[in-house]
Amino acid sequence: MPGRFFLTDPMAAVADALNVEVGVVGNEPARRNIAPGQEIVVFDGALSRMRWGIVPVGRVNARGRPVMEQIINARSETVFDKSAFEGVGRAVIPVNGWYEWTGEKRRKTAWRIAPKGGGFLYFAAITDVWTAPGGMNVPQVAAVTCAPNGDVAPIHHRMGVLLERDDLTVWMGDDLDAAKALMLPSPEGRLEISEAGDVDWDGV
């Protein structure tokens, strides 16, 4: 499942691929290392920025206990059944790819995962708005994950739900059953996986 994203293409290219205006994200810089807790570019009919990580304050789990932790990835198998996600919206995270790690602590290998031939990946996501202390509203987003396909399975036991360009409106539409039907591993053979190399993990 995505632990870090990268989005290095210009925002004009993102907007062109989605057939929308660049809007408020027009000055977004190239980012090789997008970490949880940071703002990311999200598409929900228009391009905007949301914090990666949902804090479902005030919600409870099946035992009636408060759900307080930040959730960056939500499991497709339960995302629309858990009370912690009640009332969430649906959106898409457009990126050029993501990173995963294998190996033991201190000796981990970082892997870069991107579409073959370049272009964008569209991660299915859920959205919410957190009311922070002081009353500030914080738009937030979490990626939806599923079982891995054959490309990703050797390096991780989960992957993000990757949507086809033509399925974005279905995912964000009113038909929840149609959206649920999209929450499957992507077809094999479309991803290029290579060692990440010299990414600055402390920067962007």
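Tabulated values for the structure
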{"quantity": "Pairs with Cβ under 6 Å, 6+ apart, first in segment 80-93 and among the aromatic types (Phe, Trp, Tyr), second surrounded by 19 or more Cβ atoms within 10 Å (Cβ to Cβ)", "calculated": "85/79"}
{"quantity": "Pick from segment 62-87, criterion surrounded by 17 or more Cβ atoms within 10 Å (Cβ to Cβ) and farther than 22 Å from residue 185 by Cβ, ranking: modelled with the highest pLDDT", "calculated": "84"}
{"quantity": "Selected residue (criterion: surrounded by the fewest Cβ atoms within 10 Å (Cβ to Cβ)) from residues of segment 88-118 that are within 25 Å of residue 18 (Cβ to Cβ) and more than 16 Å from the chain's Cα centre (by Cα)", "calculated": "117"}
{"quantity": "From 138, 129, residue being part of a strand (DSSP E or B), in contact with a strand residue (DSSP E or B) (Cβ under 8 Å, 6 or more places away or on another chain), hydrophobic (A, V, I, L, M, F, W, C) and free of Cβ contacts under 8 Å to residues at least 40 places away in the same chain", "calculated": "129"}
{"quantity": "Identity of the residue in segment 1-36, touching a residue at least 40 places away in the same chain (Cβ under 8 Å) and exposed (fewer than 14 other Cβ atoms within 10 Å of the Cβ), that ends up farthest from the chain's Cα centre (by Cα)", "calculated": "29"}
{"quantity": "Conditions (1) hydrophobic (A, V, I, L, M, F, W, C); (2) part of a loop (DSSP other than H, G, I, E, B); (3) in contact (Cβ under 8 Å) with a residue 12 or more places away in the chain: number failed by residue 179", "calculated": "(2)"}
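To keep it simple, each residue is scored yes or no on (1) closer than 23 Å to residue 87 by Cβ; (2) touching an Asp or Glu at 6+ places or on another chain (Cβ under 8 Å).
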{"position": "154", "(1), (2)": "no, no"}
{"position": "170", "(1), (2)": "yes, no"}
{"position": "181", "(1), (2)": "yes, no"}
{"position": "188", "(1), (2)": "no, yes"}
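The values are calculated or read from the model by the stated rules, or taken from the named source; none is laboratory data. Nothing here was measured: the structure is a model prediction, and the numbers come from that model. Virtual Cβ from ideal backbone geometry, glycine too; neighbours counted across all protein chains shown.
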